[in-house]
Structures are given as structure tokens and as C-alpha cells.
Amino acid sequence: MKIIGGSASDALATKVARELGVKSGKLEIKKFPDGEKYLRVLDDVKGEDIAVIQSINRTPDEFLFEYLLLVDTLKDLGAGKVVSFIPYFAYARQDERFNPGEALSFKTVSKLIESVGTDAIYTIDMHQHRVLKSSEVFKIPSHNLSAMPLLADYVERSGNLQKPLIIGPDAEAEQWAKLAADRLHTDYDVFEKERLGSESVQIRPRKANAKDRDVLIVDDIISTGGTIVEALKILFSQGARKIDVACTHPILAGGALAKIYETGAGNVIGTDTVPSSISYVSVAPLIAEQVRKEGFR
Ligand code: R5P
């Protein structure tokens, strides 16, 4: 059995290998002077079952292409079962043609990923809005795991919030709000969100009132931070005492974190699906558990 991480997730792959008591496989990855990518598998992988770990984050096209080179090469070199862990799956939000003529990027990326021959795919809190199950997109076995219980455990250990009200900033976040609330034995609600543009959203509260409550906002992605900032404003205007924020994928594009702190958030935490300054929680145990269940040789 081998654990191999692409360059988007090499540290995470090393942590997973450590959890499993095996060594992580080694790659040589570089760019030719013209910008083309070069990838070489440095281990003997013939007959070995392999877990490939590669997020498609921040420079998504580059990391996607690297993933395609890696899995195609492993199969070509005679690897056994290749199971892909794509902790952050980019392009999932473009799952519909919002304007005439737009690319259905989610579908195209999924087709590419399947085409190189991975035997199964695992994602973590993949954005599933209109597409509700990854099996609607993938023909191979696919599983969407959640990092929310790990994030909730971290919040509990930090001891910063007393019986927090859990808030999901939009209807889709209900799944994560519920998971966190169950874990922290508390209540939850979600807001209603309307996206006005790629950086602006309008949010309206529903039933819950945050007056004199500690609050934990949970979401899958923090990208521009627009969603979290609007949710913070509503919760503070209701009289929330303090508010922490937890997300699985801290993309943190263009000053998102500063905007969130400026709006008054306390702790902001994320996982290492996207390495960042707030990646305090590792998803390595979650991935290692699934590798064990796959029964790799
Ligand atoms: C979208 O519905 C997602 O669940 C997140 O709420 C969204 O991607 C966050 O984006 P931003 O940080 O740019 O508001």
C-alpha cells in the first residue's frame, strides 16, 4: 500500500501515511521552461494499491492537471487499485448553466477525473447544492465525507464558546450546522442567502435569535468571505455575545480573513484540505480511516 500526495496536498499525504504507519510515496514534479508540467513517480508501484491525495485548490487548473498526470501514470505503471482523495473539489459550484452558453464545469471536471482510471473517489464536504449526491455525477464509486465533526471537536476543546448557537449562512449549510450542533449538543438554524454577484450576497435570518448567545457559524467554503461577513453583521445586530467561524475549505481569496476579523469574528478555523494560516484541524484521520476501510494491499 502506498499513500501519494500531489503538490497541493503533500503535507496532508505525509500525515495520512504517518497515521497508517507507512511511508508516503515520492514524486518529482517540476515545470519545463515553457510552463509545461513534468511528473515522475519515484517509487516502484507495480501491483500496489495506492491512495492518491490531491486537493484542487487555489491554482485549480494546475493541480487538476497534475492529478490527471499522476493517476494516469500510476495506472500505466501497473498500480493495483487507485483510490483518489480530492479533499477540496474545485468547480463544484458551477453545477448549472446560470447564464446561456456557460460551461458546466462540475460535469467536465468530473468526466476528466474519471477518464484517467481512478477506481473510486472520496471528497470532503464537496459543494453539493443542486447536485445532491456525488453519484449523480460520477459513474465510479464516490463518497463525500464531512470534516464538520472534527471542526466541532476542535471548537469544544478550545472552550471559547458556551453552548453556542450554530448558524449555517444558507440553506445548503444545514447539513453542516446539524452535524456541528449534534456534536456540541446544542441548537442550530440556517439563514436565507441570495447571491448577487461573485463577491456579494444578501442574507436574511429565519427563526433563531442570537441575543446573548455565543455563536458558531459553519460553512463548507470561505472564499471571498462575503457570506461570513454578512452573517456576522446580522448576528451582532441581534446581540450575539461572541462569534467563532469554522469552515472545511479555507480558500481565503483576496483579503477574506482580514474582512472577517474586521467584522468582529473571534476564532476563525479551517482544515488542511486547503493549507492556510487557519488550518488548525487536519483531515488526515478522516482519510486514514477510509484507507483502512478500503482494505488496501
Ligand atoms: C456557497 O453556497 C458556499 O457554501 C459558501 O457559502 C460560499 O462559497 C462562500 O463564498 P464567499 O466566501 O465568497 O462568500
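The values are calculated or read from the model by the stated rules, or taken from the named source; none is laboratory data. None of the values given here were measured: they were computed from a predicted structure. In this analysis, Cβ positions are derived from the backbone assuming ideal geometry, glycine residues included, and neighbour counts consider all displayed protein chains. In case anyone asks, the SASA skips ligands and DNA or RNA and just uses the protein heavy atoms, side chains included. Shrake-Rupley method; radii C 1.70, N 1.55, O 1.52, S 1.80 Å.
Element breakdown for the chain at a 1.4 angstrom probe: carbon and sulfur atoms account for 51% of the accessible area.
Under 5 Å from the amide H of Ile124 lie the amide H atoms of Phe89, Leu145, each residue being 5 or more positions distant or on a separate chain, with H modelled from the backbone and absent for Pro and chain starts.
Taking GluC sites (Glu not before Pro) across the stretch 1-89, the ones in a DSSP loop with at most 16 further Cβ atoms lying within 10 angstrom of their Cβ are Glu36.
Compactness of the stretch 34-130 was expressed as the Cα radius of gyration divided by 2.2 N^0.38 Å, which yields 1.16.
Packing order of peptides 78-86, 109-117, 243-251, highest average first: 243-251, 78-86, 109-117 (average count of other Cβ atoms within 10 Å over each peptide's residues).
Among beta bridges from DSSP that stay inside the chain, the antiparallel ones total about 20%. Relative to the globular-protein estimate of 2.2 N^0.38 Å, the Cα radius of gyration of the chain stands at 1.03. Mean projected area of the convex hull spanned by the Cα atoms of the stretch 73-220, taken over all viewing directions: 11.4 nm².
Straight Cα distances below 17 angstrom link Lys242 to the lysines Lys163, Lys211, Lys233, Lys259, with same-chain residues fewer than 8 positions distant left out.
In percent, rounded to a whole number, the relative contact order of the stretch 148-272 is 24, using alpha-carbon pairs under 8 Å and six or more apart. Placing +1 on each Lys and Arg Cβ and -1 on each Asp and Glu Cβ, with no other charges, gives the chain a dipole about its Cα centre of roughly 340 debye. Pairs of Cα atoms nearer than 8 Å and 6+ residues apart set the relative contact order; for the stretch 96-154 it is 32 percent. Across the stretch 6-16, rounded Karplus estimates of 3J(HN,Hα) from the backbone phi angles (6.51 cos²θ - 1.76 cosθ + 1.60, θ = phi - 60°) give x, 6, 6, 9, 5, 5, 4, 4, 5, 5, 5 Hz, Gly and Pro being marked x. Among Gly168, Gly25, Gly255, the residue with the largest mean-square fluctuation in a Gaussian network model of the chain, with springs joining Cα atoms closer than 10 Å, is Gly255. Expressed as a whole percent, the proportion of Cα-Cα pairs in the stretch 168-297 lying more than 25 Å apart is 25%.
Straight Cα distances below 30 angstrom link Lys46 to the lysines Lys2, Lys15, Lys23, Lys26, Lys30, Lys31, Lys37, Lys75, Lys81, Lys111, Lys139, Lys293, with same-chain residues fewer than 8 positions distant left out. Proximity of backbone amide H atoms, modeled 1.01 Å from N, is registered between Tyr188 and Ile166 at under 5 Å, excluding neighbours fewer than 5 places apart on the same chain. Placing unit charges on the Cβ atoms of the charged side chains and taking the dipole of the chain about its Cα centre, the candidate lying farthest along the positive direction among Leu151, Ile29, Phe106 is Leu151.
Using the alpha carbons alone, the radius of gyration of the stretch 71-111 stands to its Kirkwood radius in an Rg to Rh ratio of 1.17.
Measuring nothing but how far apart in sequence close Cα pairs (under 8 Å, 6+ apart) lie, relative to its length, the stretch 15-69 scores a relative contact order of 22 percent. Taking Lys and Arg as +1 and Asp and Glu as -1, the other residues whose beta-carbon sits under 13 Å from that of Gly239 total +3.
Residue by residue through the stretch 162-169, which ³J(HN,Hα) values in whole Hz follow from phi under the Karplus form 6.51 cos²θ - 1.76 cosθ + 1.60 (θ = phi - 60°), with glycine and proline marked x? Karplus values, whole Hz, x for Gly and Pro: 9, 5, x, 7, 9, 10, x, x.
The 3J(HN,Hα) values that the Karplus relation (6.51, -1.76, 1.60; θ = phi - 60°) gives for the stretch 142-151 are, in residue order, 9, 9, 10, 8, 10, 8, 4, x, 5, 5 Hz. Gly and Pro appear as x. I want to verify a result. In a Gaussian network model of the chain, Cα cutoff 10 Å, which of these has the top mean-square fluctuation: Asp34, Asp189, Asp272? Comparing Asp34, Asp189, Asp272 in the GNM, the peak value goes to Asp34.
Once the Cα atoms are used to define both axes, helix 226-238 deviates from the longest principal axis of the chain by about 20 degrees.
Residues in the chain average 45 Å² of solvent-accessible surface per residue, probe 1.4 Å, ligands and nucleic acids excluded.
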